[in-house]
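K.L.:
I am attaching a structure below and will ask some questions about it afterwards.
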Amino acid sequence: MTAGISDSENEKLNVNLTAELRMRLRSVSAQRGLNISEATSQAIDLWYRTPEAPAIEVKDAKSWGTWLPAGGVARFYTECEQRELTKVQGIAQALSLWISSDQPAPAAARPRVLRRLLVALQKGGVGKTFLAGGLAQALAELGLRVLLVDYDPQGHLTRRVGEQPIAMDSGGSLLEHMLGKATRHIRRSIVVLPQERFGERLHLLPSCNDAFLFDAVMSTMRAGREEALARALEPVEKDYDIVILDGPPSLGLAMDIGMHYVQRREGELAERSGVLMPVWADLPSFEAYDLFTSQRQQLEKLARIQVDEVGFVINAYDSRRGASVQIRREEWEERSAPGVLAVFPDLKEQRDAQDNRTPLLEWEPGCSLSNGLRTLAKELAA
């Protein structure tokens with residue numbers, strides 16, 4: 001299977017797509033063993049062969065993009081003009097046709113590939129811990145086996161779910177395992193969150209205060225530094241469907257190693273692993289993302305890897321803060337790749353849950369934040 005269409009011989013299709021159709025496309029393309037770009041190409045080809053395609057509801061469609069073979073974008077635009085359709089209606093018809101069509105099953109079952117997500121943006125306060133913890137809870141509630149790694153030296157995630165950090169010099173911290181100095185199996189450091197709704201499927205690797213020394217200590221490692229996190233977690237990875245890292249609050253060495261861990265691996269579909277970025281509807285978030293993107297691209301070039309951006313999540317959104325906030329939200333939503341996967345309002349349930357050191361989905365399972373996290377989990381679990 002190809003790794004997706006993204007090189008210079010191909011071109012970007014920028015259109016608008018509804019959230020519902022985007023979710024269905026992600027789910028069905030995964031079931032059929034295809035990257036989004038491959039599925040879109042098939043969908044458009046099917047649409048060309050269906051001159052009387054039914055109209056599709058496209059209200060509230062947002063910016064979205066993918067890659068097509070060279071010449072494909074111009075041909076699609078021309079076909080939309082000839083049919084007197086907008087591009088958003090044309091792509092909606094094409095994808096809907098393909099999703100509802102009978103497709104042959106993959107020739108061979110795709111081998112299970114562990115998915116890895118780094119929830120990251122170096123800007124403080126954008127909700128990395130909220131998103132990492134909440135998404136992990138929702139995925140576990142769905143039935144997936146989740147390892148949640150507190151990769152932030154501040155350890156907020158560990159305490160917010162009611163657990164304690166790993167003791168210094170215990171021989172079992174993540175840093176000690178990454179350095180090859182651990183004296184006990186990493187499984188002994190992992191705790192199972194006890195809430196019944198997670199069915200013992202949500203596990204946490206707590207933080208340790210030695211993580212504040214991460215960059216200084218890891219910089220002395222002579223070889224294999226980039227793979228240190230992968231080596232540390234490898235003994236337990238087979239026990240999980242997905243590993244989620246609550247990312248560090250800086251663009252240091254820890255971020256590079258975290259991104260290296262969530263790189264797209266051989267046989268893995270595009271945008272299944274990678275970086276999920278919480279942002280605010282403000283200018284500093286745009287500036288932080290530009291810096292983060294520069295570092296990611298440099299890492300990709302030097303390490304010769306592919307680190308996918310899975311999408312943005314706009315967090316703590318409150319339209320009452322003024323027109324500039326609404327404008328910034330629209331600017332995020334105009335970005336076709338990666339797209340905005342969810343918008344979470346600024347609600348007290350999030351703060352109440354963390355103050356009471358209880359997982360949000362346990363504290364307020366029926367609130368809009370919990371339900372929004374469930375919707376996001378369903379899309380990412382495809």
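The values are calculated or read from the model by the stated rules, or taken from the named source; none is laboratory data. As the structure is a prediction and not an experimental result, all values here were calculated from the model. So basically every Cβ, Gly included, is an ideal-geometry build from the backbone, and we count neighbours across all protein chains shown. These accessible areas exclude ligands, DNA and RNA; they are computed on the full protein's heavy atoms, side chains included. Shrake-Rupley method; radii C 1.70, N 1.55, O 1.52, S 1.80 Å.
K.L.:
Run the simple label-point estimate for ASP346 and SER368 please: 7 Å along Cα→C-beta, distance reported in nm.
P.N.:
Computed distance between label sites ASP346 and SER368 equals 1.4 nm.
K.L.:
Could I ask something else about it? Which one of TYR289, PRO365, HIS177 is farthest out on the positive end of the charge dipole of the chain, using unit charges on Cβ (Lys, Arg +1; Asp, Glu -1) and the Cα centre as origin?
P.N.:
Checking the options against the dipole of the chain, the answer is HIS177.
K.L.:
To continue, here is another question. Mind putting a number on the dipole of the chain about its Cα centre? Charges go on the C-beta only, +1 for Lys and Arg and -1 for Asp and Glu, and I need it in Debye to the nearest 20. Please list the in-between numbers first.
P.N.:
Working: 46 positive and 52 negative charges, 119 e Å.
Dipole size: approximately 580 debye.
K.L.:
Using Cα centres only, tell me the gap between the range 72-106 and the range 342-369 in whole Å.
P.N.:
39
K.L.:
To the nearest 10 square angstrom, how much accessible area does ARG335 have with a 1.4 angstrom probe?
P.N.:
70
K.L.:
Between rounded, prolate and oblate, where does the range 274-318 land on the alpha carbon gyration tensor, with a ≥ b ≥ c its root eigenvalues, rounded for a/c under 1.5, else prolate if a/b exceeds b/c?
P.N.:
Oblate, because a/c is 1.5 or more while a/b does not exceed b/c.
K.L.:
OK, next. Let me check against my output: what whole-number percent is the relative contact order of the chain, with C-alpha pairs under 8 Å and at least 6 apart?
P.N.:
About 21 percent, as a whole number.
K.L.:
Nearest 0.05, what FRET efficiency do PHE212 and LYS181 give at R0 = 22 Å with Cβ-Cβ as r? Let's see the in-between values first.
P.N.:
Working: r = 17 Å, r/R0 = 0.75.
The calculated FRET efficiency here is 0.85.
K.L.:
Between the range 232-299 and the range 177-208, what is the separation of their alpha carbon centroids in Å?
P.N.:
So the two Cα centres are separated by 20 Å.
K.L.:
Order the following by accessible area, largest value first: ASP45, ASP150. Probe radius 1.4 Å; ligands, DNA and RNA are ignored.
P.N.:
Working: ASP45 70, ASP150 10 Å².
So the residues, ranked largest to smallest area, are ASP45, ASP150.
K.L.:
Same structure again: What is the diffusion coefficient of the range 150-266 in µm²/s, taking the Kirkwood radius over Cα pairs and the Stokes-Einstein relation at 20 °C with a viscosity of 1.002 mPa s?
P.N.:
Estimated diffusion coefficient is 146 µm²/s.
K.L.:
Solvent-accessible area of LEU253, probe 1.4 Å, all protein chains present, reported in Å² to the nearest ten, please.
P.N.:
Only protein atoms counted, so the area is about 40 Å².
K.L.:
Please work out how much accessible surface MET221 shows to a 1.4 Å probe, ignoring ligands, DNA and RNA, in Å² rounded to 10.
P.N.:
About 40 Å², ignoring ligands and nucleic acids.
K.L.:
So how compact is the range 204-250: Cα radius of gyration and Dmax in angstrom?
P.N.:
12.2, 33
K.L.:
Read through the labelled values (i) 30, 25, 20; (ii) 82, 20, 15; (iii) 36, 23, 20 and report the label of the one computed as semi-axes √(5λ) of the Cα gyration tensor in Å from the structure.
P.N.:
(iii)
K.L.:
Something else about it: Within the chain, how many lysine pairs that are 8 or more places apart, or on different chains, have C-alpha atoms less than 18 Å apart?
P.N.:
Details: LYS12/LYS62; LYS12/LYS87; LYS59/LYS87; LYS62/LYS87; LYS128/LYS348.
Going through the chain pair by pair, I get 5.
K.L.:
Net charge around LEU380, counting only other residues with Cβ within less than 10 Å of its Cβ (Lys, Arg = +1; Asp, Glu = -1)?
P.N.:
Once positives and negatives cancel, what remains is +2.
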